[in-house]
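Only one structure is covered here, and it is reproduced in the block below.
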Amino acid sequence: MGVALKDSSGAVSEDRLWQRHADMARLGATPKGGVNRQALSAEDAAARNLLMEWARARGFPIFTDAIGNLFVRRDGTDAKAPPVMSGSHMDSQPTGGRFDGMYGVLAALEALEALEDAGIRTRRPVIAVAWTNEEGSRFQPGAMGSAVFAGTYKLDDMLAVKDWQGVALKDALQETLKAAPAPMREGDPGFDVGFYVEAHIEQGPRLENAAKTIGVVTAIQGSRRYIVEIGGEEAHAGTTPRAARKDAFAAATRIAAAMYEATTDADDTLRFTIGRVEVSPGSPNTVPGAVTFTIDMRHPEDGVLQAHEKKLHDIVARKARPCSARIERVTNVAPTGFDPRVIDLVRAKAQALKLSHMDMPSGAGHDAMHIAKLCPAGMIFVPCERGISHNEIENAAPSDLAAGARVLVGVLQELANR
């Protein structure tokens, strides 16, 4: 078990943590140095297998559940005590980075190993978790595994979801669990959790700009996602007069332009993104007959999101003619405030380790927003280079990753003994 230490933070290995990021980055590696490891893909299965290999080498029990969440457990002295959990996700955007999500999973595993290496026993079990489909790039909605675990989404509804190629999540999950087998926990996903703490790269520039190492995350802003579908009429590009056309793409550009204008605010707080556009039939000499695009909208205040949602509906109704159009909300995640006890503990551990830190909200959504409904929860941010994320050039410093893991294990150790 190693020499007993008063605090497990000193047992965090910067080299081990960094090497594991490098090993994981090979799975789904892209030419520009990022990863394409989308949910329930072959690359995702490979990452699951590698995580389980490392866990088994330390003798940590592993299990999964009906939505594919993967758990690594370090037992406590009280087997019946609700565990302390930490983790994030291993899936990525199609052109994603090496640290988004993966850092939270590997930092949680590092925390388990640091506790082991320091010879520290905890009353509560400590569990590292890799949540299924946080990104939502292949299957929508995102943060699916944590939301099913928390009871926010129904398991059967999520299993029926299909990706952009028509593959059902249920079938993709079955293939993934076949390729990366783990003992299945009986019953529906979800069990009692004592506390939850998630480590993550910031995905923005505030920490780097302020020259701070640790972000003490106080809240997550609310987010809503939509799909807009526009129906027109296919026609010959050379023979059909403009006035006679029902051009779905022309309608889409009118709608999109009006939406961008309507969601521009003076203090640049509202976030509005059209991230995916599909034009059908996709022929150079055919007037488009159908367009589908996605919207991601975020703000710290739910009332602001509701007011702007009404504007989006009005724009679709006004700007589509002569085409038909509809807008559907596919997710609605309210703003999440984290537990003051966890926030205070993260801040205190950063201070004790003499790490520069600042309080801040999260602009991005995370699995923690769902688990916060079940138990006291919080998050720890570390900087990423130039604030770049969801990008193949996403980068982070080994020392910052290790610093965040040291804060994390200190927080988990204390919570696991409460």
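Need one word for the chain: rounded, prolate or oblate. Basis is the Cα gyration tensor (sqrt eigenvalues a ≥ b ≥ c); a/c below 1.5 gives rounded, then a/b vs b/c decides.
Prolate, because a/c is 1.5 or more and a/b exceeds b/c.
Can you compute 3J(HN,Hα) from phi for each residue in the stretch 74-85, using the Karplus curve 6.51 cos²θ - 1.76 cosθ + 1.60 with θ = phi - 60°, rounded to whole Hz and x for Gly and Pro?
For the stretch 74-85, the Karplus curve yields 10, 5, x, 6, 10, 5, 8, 6, x, x, 8, 10 Hz.
Specify the inter-centroid distance of the stretch 196-264 and the stretch 16-86, based on alpha-carbon positions, in whole Å.
So the two Cα centres are separated by 31 Å.
Run the numbers on the chain and let me know its relative contact order in percent, using alpha-carbon pairs under 8 Å that are six or more apart.
Here the relative contact order equals 25 percent.
Which three extents, in whole angstrom, do the alpha-carbon atoms of the stretch 327-371 cover along their principal axes, largest first?
Cα spread of the stretch 327-371 along its principal axes, largest to smallest: 50, 18, 13 Å.
Tell me, what is the percent relative contact order of the stretch 223-332, built from C-alpha pairs under 8 Å that lie six or more residues apart?
Result for the stretch 223-332 is 46 percent.
Give me the Å³ per residue figure for the convex hull around the C-alpha atoms of the stretch 1-148.
It comes to 102 Å³ per residue, whole-number rounded.
DSSP loop (so not H, G, I, E, B), at most 11 other Cβ within 10 Å: list which trypsin sites (Lys or Arg not before Pro) in the stretch 25-112 pass both filters.
Here the sparse-neighbourhood loop sites are K32, K80.
Once R0 is set to 25 Å, what does the formula 1/(1 + (r/R0)^6) return for the Cβ-Cβ distance between N285 and A243, expressed as a FRET efficiency to the nearest 0.05?
So, using R0 = 25 Å, E works out to roughly 0.85.
Could you rank the peptides 359-365, 348-354, 245-251 by their average count of other C-beta atoms within 10 Å per residue, with the highest value first?
My ranking of the peptides, most packed first, is 245-251, 359-365, 348-354.
Taking the mean number of other Cβ atoms within 10 Å as a proxy for protection, how do you rank 391-402, 369-380 from highest to lowest?
Peptide ranking by packing, descending: 369-380, 391-402.
Calculate how steeply helix 340-352 sits against the longest principal axis of the alpha-carbon atoms of the chain, using the helix alpha-carbon long axis, and give the answer as 0 to 90 degrees to the nearest 10.
60 degrees
Taking the Cα of D192, stepping 7 Å toward and past its beta carbon, and measuring to each backbone N in the stretch 382-418: which are under 15 Å?
418
Want the number for I274 to D359: 0.36 nm per residue separation, take away the alpha-carbon distance, what's left?
27.6 nm
Starting from 0.36 nm per residue, how many nanometres of slack lie between A262 and R121 once their C-alpha separation is accounted for?
The span from A262 to R121 would gain 45.2 nm if fully extended.
Could you list, in their original order, any pairs among K80/K170; K154/K178; K162/K373; K154/K310; K170/K319; K319/K373 whose Cα atoms are separated by more than 29 Å?
K80/K170; K170/K319; K319/K373
For labels at E175 and I393 in the simple 7 Å Cα→Cβ model, what's the distance in nm?
Placing both labels 7 Å beyond Cα along the Cβ direction yields 3.3 nm.
Through the Karplus equation 6.51 cos²θ - 1.76 cosθ + 1.60, θ set to phi - 60°, convert the phi angles of the stretch 89-94 into ³J(HN,Hα) values in whole Hz; use x for Gly and Pro.
Couplings: 9, 10, 7, 10, 6, x Hz.
Please give the calculated 222 nm ellipticity per residue for the chain, where each DSSP H segment of at least 4 residues contributes -39500 (n - 2.57) and the sum is spread over every residue; nearest 500 deg cm²/dmol?
Rounded to the nearest 500, it is -10500 deg cm²/dmol.
Amide H neighbours of A237 under 5 Å, counting only residues 5+ apart in sequence or on other chains, H built in-plane at 1.01 Å?
Amide H neighbours of A237, under 5 Å, 5+ apart: T286, V287.
Using R₀ = 51 Å, calculate the FRET efficiency as 1/(1 + (r/R₀)^6) where r is the Cβ-Cβ separation of K162 and D15; round to 0.05.
0.75
Suppose the chain between K373 and D314 were pulled fully straight at 0.36 nm per residue; how much longer would it get relative to their current alpha carbon spacing?
In short, 17.9 nm is gained.
How do M144, M85, M297 line up, fewest other C-beta atoms within 10 Å first?
Taking fewest neighbouring Cβ atoms as first place, the list is M297, M85, M144.
Every number here is computed from the coordinates shown, using simple stated rules; none is lab data. Note that the structure is a prediction, hence the values are computed from the model and not measured. Reconstructed Cβ throughout: ideal geometry from the backbone, glycine too, with neighbour counts over all protein chains shown.
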